[in-house]
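Below is one structure, written out as structure tokens; the observations come after it.
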Amino acid sequence: DRLAEASAEWLHREARKAWGIEPEAGLSLEDLLAERFRGIRPAFGYPACPDHLRKVALFEMLDASRSGMALTESMAMTPAASVSGLFFAHPKARYFTVGRIGRDQLEDYAARCEISLDQAEKWLASNLG
């Protein structure tokens, strides 16, 4: 698990370098730990993107099964040390938590994602108000 997370952090640093938004010498460990860099790497299932169901589209788009990755019924990634994330380099990109949502927001989300209301409730249960 640690190697997978470290690899994701390394790839994020390489992306920042490629985008020209990280010094060539890199950042200090203190700056990295304090997230004093431009860009974020949120992932489906975490506070900013709580809907695990979005992993299905991601896995299809990336043909993740070709590299031996799969999703369980509960949308956990296998092998267990698998990681995924989305990289954003916008200067105003910040980590955030999606708070409680109302019924109207849930219904709108389900319609936009073309999923049933029951599915939306299942995957966003922890965010329901």
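None of the figures in this text is laboratory data; all of them are computed from the coordinates on show. Keep in mind that what you see is a predicted model, and the values were worked out from it rather than measured. Here Cβ is always computed from backbone atoms with ideal geometry, including for glycine, and neighbour counts include all displayed protein chains.
A few points about this structure:
- For VAL98 and LEU128, the difference between the fully extended length at 0.36 nm per residue and the C-alpha to C-alpha distance is 9.8 nm.
- The charge dipole of the chain, taken about the Cα centre with unit charges on the Cβ atoms of Lys, Arg (+1) and Asp, Glu (-1), comes to about 280 debye, rounded to the nearest 20.
- Under the span-like rule (Cα at least 20 Å along the axis, Kyte-Doolittle mean at least -1.0), DSSP H helices of the chain: 2-18
- Simple label model, 7 Å out from Cα along Cβ direction - LYS17 to GLU107, nm: 5.1
- Take the Kirkwood radius over Cα pairs of segment 1-91, plug it into Stokes-Einstein at 25 °C and 0.890 mPa s, and you get 170 µm²/s for translational diffusion.
- Here is the list for segment 1-79: trypsin sites (Lys or Arg not before Pro) lying in DSSP coil, each with at most 13 other C-beta atoms within 10 angstrom of its C-beta, are ARG36.
- Spatially proximal lysines relative to LYS17 (Cα-Cα < 23 Å; intrachain offsets below 8 disregarded): LYS92
- Here the simple spin-label model places points 7 Å from the Cα toward Cβ, and for ALA8 and GLN119 these points are separated by 2.4 nm.
- The residue among GLY45, GLY85, ILE115 whose Cα reaches farthest toward the positive pole of the charge dipole of the chain, with charges on the beta-carbon of Lys, Arg, Asp and Glu, is GLY85.
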